[in-house]
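The values are calculated or read from the model by the stated rules, or taken from the named source; none is laboratory data. For clarity, every value in this text was computed on a predicted model and none was experimentally measured. We place every Cβ from the backbone using ideal geometry, glycine too, and count neighbours over all the protein chains shown.
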Amino acid sequence: MMGRGYDYGYDMMGGYGWFGGLLVLLFGALVIAGIVLIVIWAVRASSGHGTTHGSAPPPGAVGHDEAVAIAKRRLASGEITKEQYDELMRALGS
């Protein structure tokens, strides 16, 4: 009784031939791409480089109008000279 051993009628791809092999490769590529995307997202989220579209500016951010008001207040209180004030206005584009 020399048979073929334990052959259940399936080939190496589970009985689906080349199409089964293609599906296995496609699924593996999708899994790897998903893992890579998760790692990229995690790195960006932990480093604070994520996008912040539509959110409020950070607490320390100063708008242009507020910067001009601060410069005027410092000039009025004598903290800066007229020349320093003019330099600040040039830097701010006002």
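Return a yes/no flag: does segment 1-16 have any residue that is surrounded by 10 or more Cβ atoms within 10 Å (Cβ to Cβ) and modelled with pLDDT of 75 or more.
No: zero hits.
From the list SER55, SER46, pick out the single residue that is of a type in the set (Ser, Thr, Tyr) and modelled with pLDDT of 85 or more. Break it down stepwise before answering.
Values: SER55 fails: modelled with pLDDT of 85 or more.
Matching residue, one of SER55, SER46: SER46.
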